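Student: I'd like to ask you about the structure that follows.
The values are calculated or read from the model by the stated rules, or taken from the named source; none is laboratory data. This structure is a prediction, so every number in the text was calculated from the model and none was measured. Note: areas computed on protein heavy atoms with side chains; ligands, DNA, RNA excluded. Shrake-Rupley method; radii C 1.70, N 1.55, O 1.52, S 1.80 Å.
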Amino acid sequence: MHRVGSAGNTAGSSRPRKEKRFTYVLNDADNKKHCAGINCLSYLNASASGTSDYLFTGSRDGTLKRWEYQNGDANFSATFESHVDWVNDAIIVGQNLVSCSSDTTLKVWNCLADGACTKTLRQHSDYVICLAAAEKNSNIVASGGLGGEVFIWDLDAAIAPIAKSVDAKEDEVPNGNSGPALSTLCNVNSSGNIVSTNGKSHGYCPIAAKGHKDSVYALDMNDTGTLLVSGGTEKVVRVWDPRTGSKNMKLRGHTDNIRALLIDSTGRYCLSGSSDSMIRLWDLGQQRCVHSYAVHTDSVWALASTPSFGHVYSGGRDQSVYLTDLSTRESVLLCTNEHPILQLSLQDDTIWVATTDSSVYGWPAEGQTPQKVFQKGGSFLAGNLSFSRARASLEGSAPVPVYKEPSFTIPGVPAIVQHEIMNNRRHVLTKDTVGSVKLWEITRGAVIEDFGKVSFDDKKKELFEMVSIPAWFTMDARLGCLSVHLDTPQCFSAEIYAVDLNVTGAQEDLKINLAHETLRGLLVHWSKRRPKPGPHSLSNGDSSIGKDVSLKNLPHPRSDVDDGSENHANNVLPSFEFSTVSPPSIITESSSGGPWRKRITDLDGTEDDLPWWCVDCAENGRFPKENTKCGFYLHPAEGSPAPNITQGKLSAPRILRVLKVANYVVEKLVLEKPLDGSPDSTFAMGLTSGTSALDSSSRLGLKPWQKLKPSVEILCNNQQVLSPEMSLATVRTYIWKKPEDLILNYRVVQSR
């Protein structure tokens, strides 16, 4: 699992404040599919929904999706998007869908609505891994996670609107989701850590079941909500009274992490699956293990039982689903998958299987009459020692699966497993789980070329460019897709000439700041829909965006030489355009300290908690100017009769081309008047005082008789002749390769 870096507000801290990070997630062209492993499944029957059967899936891509199941076919119905990290579990509670995530939150959604989050619940200090609910009490939900915390929530009280107050106004739907006002249950302290707040100030605080010393991986609750079982890395099953959070008992027997739990409707029996490869049946009344089943050859991660609790379906790391009769110990291999199994959901005669793959599979299960599966043959008696199945497998007596192919498949998109940022800092090469290699342009959020199944390393070498652009963003693929992270001020360090982006009609010297135009493109829908009142208060306490000094008014040292005046494309050109068919999603922090996620086309302009620096950049064209200069010395080449035309170190934009340096040399060397009146006379040594700008050739001001200018070559350290198209940054990175200031040399080449 992946940890989310803290970006909590540090207001009130003595440390320098770290501005909020802005992240955008590039979505695949087919956004109706998951693009990472499926961690959880939940099923809503037509009798409960009043319309159709619905399957809900939660993924490592950070989203949940709803599938309408009719006539043997599952069709996409909605995406639930607000979590910013893996969705680890999801359950149906009445008409609500409750999900938990590695972003440390629980979120509540209307099952049958359009996918808008109605409430975010914050109490956990670490990843929330598992959920449990009482089937006959649609008001009780339990949550557990890596912090060793187990909380029992009264859902009605947790999601009820609270009286309007200062706290309530601050928390009111910060991510634009519809529904009641958000009631956060924690604050972020100056260290970025989540801490509990006084429940009275926010109206509700859940019951804490205290006792776990380490991570909790599994929970389950009986139908009436009077018993709760939990398990994790402590290798024991703990039994609680969820009404009070008090401990009832501990059950010992497993020798490794407990990863799955099931409790029967009466609360008498409990099944546990463990990383020790064993399934155990516990009698809670007798407080002991009554049976153990050695069925799997590796960790057991998922369990699902028949309604009578007489048979159990199990899956895990060995990629197999077994059906076991708990009374007779007879077991049969139902099916095998290509990936480890993370969760199972039995509905009538279909067992839905979630794996580390992005697809969901439905296999025949005979859930109403499981004896029919055993009648197909291939059954064996489950041993009671963990090594018995492994030994049987080694001896060549591995069972044959009853079913070879699933009845249903809900296909996903292959997850990105490898990526490489190209040197131009705009393109990213990716490889997915099926070996397909693609080239993305992150300033458009789209695939610009699909190379198919080719060698990633060979393609990376083929696409190599000898260019040097500052690292203006960071990136990861932990959600199965590309997440691009922008942090101020370093994200504003990369500039590029507009002509290099093939911008039609752009002036030769027009520079584009990549982060500026990217933010403009990402927030274009937000800007258009945003109300236009007077100056507004910013989320981090700044009273006016206008407090920033215009960077154009800052004095420049006399030694700075540019390729022109301050000429950034400040709203002159159209911003980078992102797809509206598969738009990126943005992730940022709300004013209450919690992150949220939303597609850029769903931004309605009411999101007033975007990072102030993003707003200032996109709306006003203001952003901190990073040091984009490169210092260098310019001397005549060894053996060249050309004079020394500079005094001391020069400074120019890193993106300045060698051609402009040559033009600068020409400007300094060309005569103000010919020595003998002939156009091809040798040039004089006179130089104007002061420092001139490295300007474009169009501004040299040459007289008609000076059209025959000397041809100049630029060398690096008197050795390698540089290509006119190289930038100073490229020369420094690939030719100079030293920390000291760059040394360039020039020499006159005789015209032919």
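Student: Quick check on my link table: of 431/528; 438/738; 649/738; 136/247, which ones sit more than 26 Å apart, alpha carbon to alpha carbon?
Tutor: Exceeds cut-off: 431/528; 438/738.
Student: What percentage of the solvent-accessible surface of region 416-475, computed with a 1.4 Å probe over protein heavy atoms, is contributed by carbon and sulfur atoms? Write down the numbers at each step before the final one.
Tutor: Numbers: 1350 of 2890 Å².
Exposed carbon and sulfur together represent 47 percent of the surface.
Student: How are the alpha carbon pair distances in region 292-412 distributed across 10 Å bins from zero to the largest one, expressed in percent?
Tutor: 14, 50, 31, 4
Student: I've got another one for you. Which aspartates and glutamates, if any, have their Cα less than 15 Å from the Cα of residue 461, not counting same-chain residues under 8 positions apart?
Tutor: 420
Student: Ok, one more. Using a probe radius of 1.4 Å on heavy atoms only, what accessible surface per residue do you get for region 198-273? Whole Å² is fine.
Tutor: Per-residue value: 41 Å².
Student: Might you tell me the accessible area per residue for region 86-148, computed with a 1.4 Å probe and given in Å²?
Tutor: On the way: 1470 Å² over 63 residues.
Accessible area per residue: 23 Å².
Student: For residue 213, go through the aspartates and glutamates and keep the ones whose alpha-carbon is under 14 Å away, minus same-chain ones fewer than eight residues off.
Tutor: 126, 149, 234
Student: Can you send over the carbon and sulfur percentage of the accessible area for region 260-314, probe radius 1.4 Å, protein chains only?
Tutor: Summing carbon and sulfur atoms, their accessible area is 43 percent of the total for region 260-314.
Student: Pop out the ³J(HN,Hα) list for region 496-511 in order, Karplus 6.51 cos²θ - 1.76 cosθ + 1.60 with θ = phi - 60°, rounded to Hz; leave Gly and Pro as x.
Tutor: 8, 5, 4, 5, 6, 9, 6, 6, 5, x, 6, 5, 4, 9, 5, 9
Student: Under 14 Å Cα-Cα from residue 376, which aspartates and glutamates qualify once same-chain neighbours fewer than 8 residues away are excluded?
Tutor: 330, 366
Student: Let me ask another. Got a number for carbon plus sulfur as a percent of region 94-167's accessible area, 1.4 Å probe?
Tutor: Carbon-and-sulfur percentage of accessible area, whole number: 50.
Student: Quick one: accessible area per residue over region 292-412, 1.4 Å probe, rounded to a whole number of Å²?
Tutor: Per-residue value: 40 Å².
Student: Compute the distribution of all C-alpha to C-alpha distances in region 272-358, in bins of 10 Å from 0, and list the percent of pairs in each, rounded to whole numbers.
Tutor: That works out to 18, 53, 25, 4, 0, in percent per bin.
Student: On to the next question. Which entries of 460/629; 32/65; 119/210 show an alpha-carbon separation above 18 angstrom in the structure shown? Before the final figure, lay out the partial values.
Tutor: On the way: 460/629 29 Å; 32/65 8 Å; 119/210 25 Å.
Check vs 18 Å cut-off fails for 460/629; 119/210.
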